[in-house]
Structure formats: C-alpha cells, structure tokens
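In what follows, a structure is listed as structure tokens, so that the remarks can point back to it.
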Amino acid sequence: MALFISTFIQFFFLFAPFFVVSMFLSLTRGNSQQEKRTTINRAILSAAVICLTLFFFGTTLFQVLGITLDSFRIGAGCLLFLSAVSLVKDGVRNHATGVPEQNSDDISVVPLAIPTIVGPATIGATLVYGAELKTTTETLIGVSALMVALLSLGGLLYLSSQIERILGKTGLNILSKMTGLILSAMAAQIVFSGIKNFLQL
C-alpha cells in the first residue's frame, strides 16, 4: 500500500496537473462541453498508451542503447529539474512555453498528450520508475498507481472550468509553481540515487 501511494503521488505531480489544466483551458477555449470531453478522453488514453510503453520497455531500451539505469537516472533527473525550475519561475514547463493557435486539427494527442502531459522529463522519469520495479507485484502496483494518477488528472480536466472559476488564473499559476517545487525534490532524489549507485560500482 505504501508503494502504491508513493508511486501514485510521484506520477501525479510528474504530470504537473495544474499546468495541464491551464493549458487545456487555453487550448479548448470556446469548445462545447462534448468537444472538451472527447478531447480529455483521447488525451488521457494517448498518454496512458505512451506511459505504459515507456514503463514496460525501459529496461530493454537501456540494454539496446548500452547505458546503465544509474546513468539514465542522472540524465532524467537533470531534465526533470530543468522542467521544475521552469514551472517555479514561469508557471509553465520549459518545453511548452506557448499555446498553439487553434485550428481544425485534433489537439488531444498533440499538443495535449504530447508534450503537455507527457513531456521529455516525464518520459525520462517514467523509464526510470519502470526499470526500478523488479518483481511482478511491484510492477502491477506501479502500473496501477500510474493509471490512477492519469485518471485523477482526467478528473481534474473534467472539472477544469469549475477549478478556474474557484481559483482563477492566479491560483492555477501558484499551484503550478508549487508542483515545480515538488518536482525539483523528486529530481534531486533521482539524481542522488543515480550518483550513489554509480559510485558504489
């Protein structure tokens, strides 16, 4: 249970939910409720497919590339730290500093699922978390926590209009910055774990 809770919290903040809510509101301004629901469903499904692929094939990818998990920990942690700094400083992730113009294309996959929900830092951290879980039980718990985190994000997106009405843009921006602080601590933990294990080799 403790593993599930800790993994869920890590993934939930890794997705930077309040930043995603802000981006979703900007991208779907003027859309009908049905269009918003369809966009949310497609975005969460796309993000789930991407995250599960990364989660299960991280170890194989490391072997193919000939790099160690600890080396990837350090790299992914640094990337996650840069993303956290961007959230704290500007309230946005460093890979999504602008809102694309509205057009007729489907925004649920790009840019909502990628790179807003699953950005470079999220990809790196998901690969690391997936590779760290060794047993079948731990893997099942990790996958369950990942799916619950994504469903929770989807719930926030469904309630995005009410959240914006209650908190306003300023409130969402403050929560995004707080998320950045938590992500910076997670990044430091990933980097320090990688360095510690690397030095023990």
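Overview of results
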read-out	value
Label point at residue 2 placed 7 Å out along Cα→Cβ; residues across the range 141-156 whose backbone nitrogen lies under 20 Å	141-146
Packing-based order for 33-40, 121-128, 181-188, using average beta carbon neighbours within 10 Å, highest first	121-128, 181-188, 33-40
Highest average packing first - 80-86, 64-70, 15-21, 143-149, Cβ atoms within 10 Å	15-21, 80-86, 143-149, 64-70
Extension gain from residue 166 to residue 110, taking 0.36 nm per residue of separation minus the Cα-Cα distance	17.4 nm
Separation of alpha-carbon centers, the range 61-78 and the range 176-200, rounded to whole Å	15 Å
Number of Lys pairs (Cα under 22 Å; 8 or more positions apart or on different chains) in the chain	5
Cα-based shape type of the range 125-181, given that a ≥ b ≥ c are square roots of the gyration tensor eigenvalues and the cut on a/c is 1.5	oblate
Trypsin sites (Lys or Arg not before Pro) restricted to the range 103-201 and DSSP loop, no more than 15 other C-beta within 10 Å	134
Ascending count of other beta-carbon atoms within 10 Å, so fewest first, for 78, 51	78, 51
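None of the figures in this text is laboratory data; all of them are computed from the coordinates on show. Computed from a predicted structure; not experimentally measured. Cβ sites come from the backbone with ideal geometry, for glycine too, and all protein chains shown count toward neighbours.
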